[in-house]
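Structure first, commentary second.
No value in this document is a laboratory result; all are computed from the given coordinates. Nothing here was measured: the structure is a model prediction, and the numbers come from that model. Cβ sites come from the backbone with ideal geometry, for glycine too, and all protein chains shown count toward neighbours.
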């Protein structure tokens, strides 16, 4: 999945995410060999780990937390569009277990 393909997929979502969230999501996009659901899920997990690594932090991490939630949600949406039979395996990967 290229960064350009991921951004195009995000831009096709309806309803569209608010501009500030969309920009934050876009900054997570990279060229990666992963399929779209895995790319989104991994980006969400990285952001969530960043939030969890700073338990003393407050509102400054709110956008990261919201973006992590959006990315994981979009990962499930992308998986359902691609192959709903893979949702359980994706859920296991998101949770950190084996697929």
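In terms of the Cα gyration tensor, with a ≥ b ≥ c the square roots of its eigenvalues, is region 1-47 rounded because a/c is under 1.5, prolate because a/b exceeds b/c, or oblate? Prolate.
A Förster distance of 30 Å, applied to the separation of the beta-carbon atoms of residue 7 and residue 92, puts the FRET efficiency at 0.65. Each of 72, 51, 46 has some number of other Cβ atoms within 10 Å of its Cβ, and from fewest to most they run 46, 51, 72. Using R0 = 22 Å, the C-beta based FRET efficiency linking residue 63 and residue 84 works out to 0.15.
In the distance distribution for the chain, Cα-Cα pairs more than 16 Å apart total 54 percent. Note on the chain: GNM, Cα springs under 10 Å; of 82, 14, 32, the largest mean-square fluctuation is that of 14.
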